[in-house]
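Following: one structure in structure tokens, then a few remarks.
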Amino acid sequence: VLHTCCLPWIVSDSEGGAIVVGLSFTVSPELYAQRVDKYGNILWDPSLKGIRVSTAGQEQDNHIVVSDGTGGIYIAFEEKTKVGQDHIETIYFNRVRVQRIDPDGNLLFGTEGFPVYYYPLDSTVSSQHLESVVSDKNGGIYILLYDAKGPQGKGYYINHISPNGNSSWGNSIV
């Protein structure tokens, strides 16, 4: 991921090293992460590709990375699946997901991560977009997203994700 990625994010690993997350284009955009220690040694994948962040959707895009304060990271991103084509552009189903990776490179929220704002989706109309992610200073994060077609109407939604992967607030409109 260090030499072939696009749109990289870098955060401290809290031990003098760094974690880099970026998009790798094999067939479609996929998120990969790589950790480098304070001496420049590659820790997660010596082949330099890194570890895949999520298998959700056909593409992952618009990612934001935040330190978890314990040497790992949270990655929030948009899961995208192509559902059609109009005469001008591709139509996507978009859902915001989050993944947590520990200092050893283990995916803590399953292979896909989990949806931040969940409701049964009609795949032809889902339109969630990631806006911002910040630490709660206690090991969790707050995520702000915009949903153009949510069940409570168009608007901004905020959720709190705890370190163990629980959605603390459910679907809170702001």
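So if each residue of separation counts as 0.36 nm, and I subtract the Cα-Cα distance between Glu89 and Asp102, what length gain in nm does that give?
On the way: separation 13, 0.36 × 13 = 4.68 nm, distance 3.77 nm.
Full extension from Glu89 to Asp102 adds 0.9 nm.
Within the chain, what is the number of lysine pairs with alpha carbons under 29 Å apart, leaving out pairs fewer than eight places apart on the same chain? Lysine pairs meeting the criterion: 8. Solvent-accessible area per residue in the chain equals 48 Å², computed with a 1.4 angstrom probe and all protein chains kept. Globularity index of the chain is 1.03 (Cα radius of gyration / 2.2 N^0.38 Å, N = number of residues).
If only the Cβ of Lys and Arg carry +1 and only the Cβ of Asp and Glu carry -1, the dipole of the chain around its Cα centre is close to 100 debye.
Report, as a whole number in µm² per second, the diffusion coefficient that Stokes-Einstein gives for region 15-64 at 37 °C and 0.692 mPa s using the Kirkwood radius over alpha carbon pairs. Mind dumping the intermediate values first?
Numbers: Rh = 11.6 Å.
Taking Rh from Cα pairs, D becomes 284 µm²/s.
Who wins for biggest fluctuation among His129, His87, His160 in a Gaussian network model of the chain, springs between alpha carbons below 10 Å? Among His129, His87, His160, the largest mean-square fluctuation in the Gaussian network model of the chain belongs to His87.
Cβ under 15 Å from Pro103's Cβ, Pro103 left aside: what net charge do those residues give with Lys, Arg +1 and Asp, Glu -1? Before the final figure, lay out each step's value.
On the way: positive: Arg35, Lys38, Arg100; negative: Asp13, Glu15, Asp37, Asp45, Asp68, Asp102, Asp104.
Its environment carries a net charge of -4.
Our summary gives the chain a relative contact order of 14 percent, counting only alpha carbon pairs under 8 angstrom and 6 or more residues apart. With R₀ fixed at 30 Å, the C-beta to C-beta distance from Ser12 to Asp136 puts the FRET efficiency at about 0.95. Computing the accessible area with a 1.4 Å probe over protein heavy atoms, can you report the carbon and sulfur percentage for region 65-163? Summing carbon and sulfur atoms, their accessible area is 51 percent of the total for region 65-163.
The values are calculated or read from the model by the stated rules, or taken from the named source; none is laboratory data. Given the structure is predicted, the values throughout are model-derived calculations rather than measurements. Reconstructed Cβ throughout: ideal geometry from the backbone, glycine too, with neighbour counts over all protein chains shown. Surface accessibility is based on the protein's heavy atoms, side chains included, excluding ligands, DNA and RNA. Shrake-Rupley method; radii C 1.70, N 1.55, O 1.52, S 1.80 Å.
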